[in-house]
Amino acid sequence: MADTEPGNTEPRSTEPGNTELRSTEPGSIEPGSTEPEAADGEDGPPGPPASDDESGTGGAGGNRDAEGEAEATRRTRRRTRIRRTAVAVLLVLLVPLLTAETALRVNYMGDPADGTHTRNRDAMWLGHAWVDGRKDDADLAAFARRVKATGIRDLYVHTGPMEHDGTLPKSLYPRARWLVGAVHRELPGVRVQAFLGDVLATESPDGMRLEKPATRAAVVGSARQVLDVGYDGVHLDLEPLHSGDGDYLSLLDDVRAVTRARDAQLSVAAHQIDPLPGFHSFWGTVAGHPKWWSQEFFGQVARRVDQIAVMSYDTMQPLESLYGGYVAQQTSLALEVTPPTTHLLMGLPFYHENRFGHWNHAETVAAAVRGVRLGLSRTDADRERFGVAAYIDFAATEQDWASYRDGWVR
């Protein structure tokens, strides 16, 4: 996502916008037949056709009928081959897709295990209005009343975006110190982390370039800067971040050295994990946007941070049951590689859009919560450092909050 305050700075995985696979209809352009020309200067009727036992090498028009029939036969065979190829390609694409979708539907079946509800380690992303002066004490008091009855213990407050060179203008967060103090007063035990993001120059020429040591050093400096204000941690959201990015891992090591020295948290917004092995490579080839991380890379990131929040929304799933099954799968995949010392959170869609990557009727909080509970039940039902993270406060509806409370908080 392009991190440009506040609505466009969301920790959502960037979807392949208008990139569509369009197939040229096979057989729509047919090779034309080449009619034999009359002999030079001849205007009269052609000579007699060759007899059945002749090779037809007589006059120029002697075997015109035979050649026409042969060409028609070749056309028919060519069309048949094209149609068969098209059907084969369609089957190659559809069969795996239908198989995968069926597996997700099955994954949504069953009952979650007892005890798979909040561990009072949940989180929520908050918009930029909390630190730029648009929110006040009355707003915080109302928010505190709502949050007190939930398991939310971490707030990722949008404080960036950072510049492409990794620096962070102080003018972006004039009310940050007020917010941190007010939250600590109104919601004891709740941590406030500075949500810092930017778009990476991985799929376009513009953006942050992590391969530059100076840029990474500047991001580390921005982390120190927000901790000096009083934030309890740093939450990084850099997108689109491709699987296997060693410069990102190096950045995490450097930032964590700073947060540990301050007894602060380092958290990240994470891409989804390959639903099929190597799927990020396939999608990168066909759509130009890898989107997913390998499970191995997800584990490498998880071992370098205190909290990792999966952006388990914008999944392209068309039905609520398929989305819930997808979240269950993502929960299991993340649990398998996240060390028990790292706090794992699964994202909940507290926002409402309809586009290619996100269908509002399918990606509901209720389906996400059920999927989270099913994945937790099947993989590590007793895990303590686990929770959900709601995105985002300014778009949330009463139904979103009710689904979260009824399905997860209880």
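The values are calculated or read from the model by the stated rules, or taken from the named source; none is laboratory data. It should be emphasised that the depicted structure is a prediction, and the values quoted were computed from it without experimental measurement. Here the Cβ is made from the backbone with ideal geometry for all residues, glycine too, and neighbour counts use every protein chain on show. Accessible surface areas use protein heavy atoms only, side chains included; no ligands, DNA or RNA. Shrake-Rupley method; radii C 1.70, N 1.55, O 1.52, S 1.80 Å.
Counting the residues of the range 293-310 that are open to solvent by less than 10 Å² (accessible area, probe 1.4 Å), farther than 19 Å from Asp122 by Cα and part of a helix (DSSP H, G or I) gives 4.
The single residue among Ser332, Ser281 that is modelled with pLDDT under 95, more than 13 Å from the chain's Cα centre (by Cα) and in a helix (DSSP H, G or I) turns out to be Ser281. All conditions in (1) assigned to a strand (DSSP E or B); (2) among the small types (Gly, Ala, Ser); (3) in contact with a Lys or Arg (Cβ under 6 Å, 6 or more places away or on another chain) hold for Ser321, with the sole exception of (1). Of everything in the range 365-381 that is open to solvent by 10 Å² or more (accessible area, probe 1.4 Å) and of a type in the set (A, V, I, L, M, F, W, C), the residue that is nearest to the chain's Cα centre (by Cα) is Ala366. Among residues that are of a type outside the set (A, V, I, L, M), part of a loop (DSSP other than H, G, I, E, B), at pLDDT 95 or above and within 19 Å of Tyr391 (Cβ to Cβ), Thr150 is included. Within the range 345-364, being surrounded by 24 or more Cβ atoms within 10 Å (Cβ to Cβ) and either under 22 Å from Ala113 (Cα atoms) or among the aliphatic types (A, V, I, L, M) (or both) holds for Leu345, Met346, Gly347, Leu348.
At pLDDT 80 or above, part of a helix (DSSP H, G or I), closer than 30 Å to Leu319 by Cα and not hydroxyl-bearing (Ser, Thr, Tyr): is that true of Ala88 in this structure? Answer is no for this residue. Residues considered: Ser243, Ser204, Ser250. Of these, the only one that is in a loop (DSSP other than H, G, I, E, B), within 26 Å of His289 (Cβ to Cβ), open to solvent by 20 Å² or more (accessible area, probe 1.4 Å) and out of contact with any Ser or Thr (no Cβ under 7 Å at 6 or more places or on another chain) is Ser204. Applying the condition of being under 13 Å from the mean Cα position of the chain (by Cα) and assigned to a loop (DSSP other than H, G, I, E, B) to the range 345-362 and asking which residue is farthest from Gly387 (Cα to Cα) yields Phe356. Of all residues in the range 382-392, those that are open to solvent by 30 Å² or more (accessible area, probe 1.4 Å) and either in contact with a Ser or Thr (Cβ under 9 Å, 6 or more places away or on another chain) or in a helix (DSSP H, G or I) (or both) total 1. Taking the range 208-230, which residues are open to solvent by less than 10 Å² (accessible area, probe 1.4 Å) and not in a helix (DSSP H, G or I)? Correct list: Met208, Leu210. Within the range 353-373, one or more residues are among the aliphatic types (A, V, I, L, M) and farther than 26 Å from Leu155 by Cβ. Can you tell me which residues in the range 156-176 are of a type in the set (Ser, Thr, Tyr) and in a helix (DSSP H, G or I)? Answer for the range 156-176, where residues must be of a type in the set (Ser, Thr, Tyr) and in a helix (DSSP H, G or I): just Ser171.
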